[in-house]
Amino acid sequence: MTDQELQQERLHKWHLDGVPVRTGEDGAAFLESVGFCLLYPMRPAVPVPTFVGAWVGADENLPTFQHAYADPRAVDANKLMVRLLRQHAAYEANLFDENNAFLVAASVFPFFYALVGERNPKLAPKAGPRAEYSQLACDAFEAIHRDGPISKPKLAQTLGGGVSVPALDHALQQLWSRLRITRVDYKTGEGAYWDVLYRWAPEAVREGMGLSVAESLSALVGKYLDCQVAADQDDVENFFSHFVSRSRVREAIHALTAARELSYLRVGSKSLLQVTPAKTEHVPVVRRNSPIARRVPRQAPVIRTPEQ
């Protein structure tokens, strides 16, 4: 495979080849195909698809979150994202940047929860000198648990008039980063609505609680490589270092390589990791009995016509 062929495969898989994602059904199918994506591009770039890119159908002059409010393409993509959140076809996590949604497909989300979520989510967070939650975060969790789904203005009113917007934002980020809460809706004039995650998505949380870190990481590494078609090991480690230590990622890669779930593909002058193709297939797929296939369902290839 040449570098150009690799890029062409990614463009097709990420819907950057002139075939945009516009309907809720298309959006859900796109997320299930790639597994996860950012809403907007980031600087420096993170090697994953973007939802706004799939909406536009191209990768040129895409808006970042700083300019999204003034770009109608970003506004429309955001509306479709909110629809997918409402339908539980997508989940949102605060894993890269609080201003740039990291979207995860429904079938993949339990694995992310196993990496970063609380093992006992019904236990209320506690504040303290060594705790990762502030007292305001604990108070916010209690209010969201009691009154949610709730908008941020309503939450600020519930917590008392002395709470500043930056302080409340920081408290919400503390809870969101551990998947204690999640944004579940958005209404003009009121902003985002928050709810406790285990109430909003009980089945996904319950499944994530039952998964080990090693099992989840192996499944996610495989899904990431399937999304990328092929990738350098350093890129894989860099991506997952946002959630777990690089040593754990390395161990997962070595275990999957030893089990022949992963193999190397020559692309130009480089050797890149890929999901080992099944012998009876012509495209990279996860073998039926692999740890990856048992956990992350793969979507059958979709043949898209120009009319679609």
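Computed values, structure above
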quantity: Contact order relative to length of region 3-107, as percent, for alpha carbon pairs under 8 angstrom and 6 or more apart; calculated: 30
quantity: Cβ-defined net charge surrounding A171, 13 Å radius [Lys, Arg +1; Asp, Glu -1]; calculated: -2
quantity: Kirkwood hydrodynamic radius (C-alpha pairs) into Stokes-Einstein, region 138-247, 20 °C and 1.002 mPa s, D in µm²/s; calculated: 132
quantity: Estimated inter-spin distance, R22 and E98, nm [label 7 Å along Cα→Cβ]; calculated: 3.7
quantity: Residue of E32, E261, E215 that the Gaussian network model of the chain assigns the largest fluctuation, springs spanning Cα pairs under 10 Å; calculated: E215
quantity: Under the span-like rule (Cα at least 20 Å along the axis, Kyte-Doolittle mean at least -1.0), DSSP H helices of the chain; calculated: 72-86, 213-228
quantity: Residue order, fewest to most surrounding Cβ atoms within 10 angstrom, among T23, T257, T182; calculated: T23, T257, T182
quantity: For region 114-159, alpha-carbon Rg and Dmax in angstrom; calculated: 11.8, 33
quantity: Test item: Cα-centred dipole of the chain, Lys/Arg +1 and Asp/Glu -1 on Cβ, debye; calculated: 820
quantity: Residue-by-residue Karplus 3J(HN,Hα) for region 92-97, coefficients 6.51, -1.76, 1.60, Hz, glycine and proline x; calculated: 10, 9, 9, 10, 10, 8
quantity: Label-point separation in nm, D76 to D234, each point 7 Å along Cα→Cβ; calculated: 3.9
quantity: Distance histogram in 10 Å bins (all Cα pairs of region 1-138, percent per bin); calculated: 11, 37, 30, 15, 6, 1
quantity: Gyration tensor (alpha-carbon) shape descriptor, region 191-243, a/c threshold 1.5; calculated: prolate
quantity: Inter-probe distance in nm under a simple model that places probes 7 Å from Cα toward Cβ, at Q8 and E215; calculated: 4.1
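Throughout, read-outs are computed from the coordinates displayed, never taken from laboratory work. Computed from a prediction, not measured in an experiment: that's the story for all the values here. A quick note on method: Cβ atoms are made from the backbone with ideal geometry, for glycine too, and the neighbour counts reach across all protein chains shown.
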